[in-house]
Amino acid sequence: MPMANVNGVKLNYVQLDEGEGAPREDLVMVHGLATNMAFWYFNYGVALSKRFRVTLYDLRGHGRSDMTDSGYRPADMARDLSGLLDHLKISRAHFMAHSFGGVVTLNLACEQPHRVSSLVLADSHFSAGRNGQARAEWSFGRGFQPILDRHQLDLDTNDRYFGPKLLTRVAEWQLEGRAIPAEVAQMVSPLLGKTGKRTSADWLKLMNSTSAASEMMTDDGLTLERLRTLRFPIVAMYGDNSPARLSGAELLDIWPHAEFRRVRDAGHFFPTLKPTETLQACHRFWDGEFAAQPRRHRAGEPRRSYFRSDRVFMVDGQWYFTTRDEQRVGPFAAAEEAAEQLASFLSAVQG
C-alpha cells in the first residue's frame, strides 16, 4: 500500500474508486482507537467506492502508519489528516469518522470547514461532552459496572476515559490468553476475531512505549463554541448503550441543522456489528432523505433536535415496530407486515 510522508510521519493509505475514470466526489473515512483502516475497508470502503472515490488511512501509531514517540493530540492528528488531503490533492471531501476518528475530523473541520462537504459522525466522544453531562445519565453503564466487578476488571464506568482504559485491560487479557467474557465482547469488538491478538499487541505497544495515552486522554480542544460554528450537513449516529451517547446529547442543542440517529441495542462499535443498518442510514443522509423529512414534535414539547430511529426495524432477522412510548411490538416475518401492523396500531390510537 502507498505511504504519504506527512507532518514528519509516514501514513499508510489506500484509495478505492469504482467510477471507471469519471470524476467522483471524495469520501475520507477515519477510524478510531485500537483499530486501523480495516475497520472500514471490508463492510464500507468497497461498497461506498461505487458512489465516491474513497480514501482510507491508518492514523498515526495505528496499522502500518508510523508509531512516533509523540504527536497524538487530536490537533496533531488533524494536521496529519490535513497533510494527507494536501498530498492527495483533495481540496474538499465528505467524511465518515468513528470514535476518536471523529475527534480528529472535527478538529480539522473547526480549522478548515471549507474542506468538509458533509460528515457522518459515528459515536464520537469529546471533552465538552464528557464534562457537560452527568455520568449517571449513562444508564447502561450502571448496569455494566457489576459485570466489570464480577470479572475483576478494576474499571469504573464513570471514568471520563472508560472506553480507552477498557480497551487496554482487555488487550492485556488477550495477550495473557484469558477468555473475554461474552458480556464484555460487544464493547471491545476490534480486539476479537482472527487479528485480535495482533491488534491488542499493537494497542499496548502504543500505550506503553509512546506518549499517546497522555496525549489522547486530555482536552481535545472541541469546545461547544467551536463546534457550534460548523454549518455543513451532519448526521450523528450513536449506539443506545454507548457512553459516547452523552456527547451526542450535547450536540443536540448546538447543531439544529444536523440529523441525530440512535442505533438500537448497540454499543460503541456498532459500525462493525451493524454494518447494513449503518450503511443504509448513510445513503439516506447523502441522498437528502433525512433533510427532507419534516421535524415533528409532540404537543407541549420544546422544538429541539432529538435522536430519531425508524419505527419499523429488524433484530436477528425478524421485524418489529415501536409505539411512541418505545414499546416493542413483534416479531413479524417481513418489514411489510410490521409496517401494516404499525399503520393499524396508529389508526386505532388516533381514532
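Some observations on this one:
- Candidates G21, G63, G45, G32, filtered to the one that is within 21 Å of the chain's Cα centre (by Cα) and more than 25 Å from H114 (Cα to Cα): G63
- The set of residues from the range 5-41 being of a type in the set (A, V, I, L, M, F, W, C) and farther than 17 Å from G101 by Cβ comprises L16, A22.
- Check on S139, of a type in the set (S, T, Y), modelled with pLDDT of 95 or more and either within 20 Å of the chain's Cα centre (by Cα) or crowded, with 21+ Cβ neighbours inside 10 Å (or both): no
- Among residues of the range 326-337 that are closer than 15 Å to D265 by Cβ, those with a Cβ under 9 angstrom from a residue that is assigned to a strand (DSSP E or B) and hydroxyl-bearing (S, T, Y), sequence gap 6+ or separate chain, pair up as R328/Y320; R328/T322; G330/Y320; P331/Y320.
- From the list T218, T195, the lone residue that is at pLDDT below 90, open to solvent by 50 Å² or more (accessible area, probe 1.4 Å), over 18 Å from T272 (Cβ atoms) and of a type in the set (V, I, T) is T218.
- Of the residues making up the range 179-224, those that are of a type in the set (D, E, K, R) and free of Cβ contacts under 8 Å to residues at least 24 places away in the same chain are K194, K197, R198.
- Selected residue (criterion: nearest to M29 (Cα to Cα)) from residues of the range 59-80 that are aliphatic (A, V, I, L, M) and touching a Ser or Thr at 6+ places or on another chain (Cβ under 7 Å): L59
- Residue within the range 52-68 that is small (G, A, S) and surrounded by fewer than 20 Cβ atoms within 10 Å (Cβ to Cβ) present: no
- The range 333-351, subset more than 24 Å from T276 (Cα to Cα) and open to solvent by 90 Å² or more (accessible area, probe 1.4 Å), residue farthest from the chain's Cα centre (by Cα): G351
- Scope the range 79-109; condition open to solvent by 10 Å² or more (accessible area, probe 1.4 Å), free of Cβ contacts under 8 Å to residues at least 40 places away in the same chain and touching a helix residue (DSSP H, G or I) at 6+ places or on another chain (Cβ under 9 Å); matching residues: S82, S91
- Some residue of the range 262-285 being in a helix (DSSP H, G or I) and farther than 27 Å from V188 by Cα: yes
- Just so you know, in the range 312-332 the residues that are in contact with a strand residue (DSSP E or B) (Cβ under 7 Å, 6 or more places away or on another chain) and open to solvent by 80 Å² or more (accessible area, probe 1.4 Å) include one that is nearest to T278 (Cα to Cα), and it is Q318.
- Candidate set: the range 41-96, residues that are of a type in the set (G, A, S) and assigned to a loop (DSSP other than H, G, I, E, B); chosen: the one nearest to S127 (Cα to Cα): G71
- Residue within the range 30-44 that is in contact with a helix residue (DSSP H, G or I) (Cβ under 7 Å, 6 or more places away or on another chain) and of a type in the set (S, T, N, Q) present: yes
- Number of positions in the range 249-268 that are closer than 18 Å to Y44 by Cα and open to solvent by 10 Å² or more (accessible area, probe 1.4 Å): 1
The values are calculated or read from the model by the stated rules, or taken from the named source; none is laboratory data. Given the structure is predicted, the values throughout are model-derived calculations rather than measurements. No Cβ is skipped: glycine too gets one built from the backbone with ideal geometry, and neighbour counts run over all protein chains shown. SASA here: full protein model, heavy atoms, side chains in, ligands and nucleic acids out. Shrake-Rupley method; radii C 1.70, N 1.55, O 1.52, S 1.80 Å.
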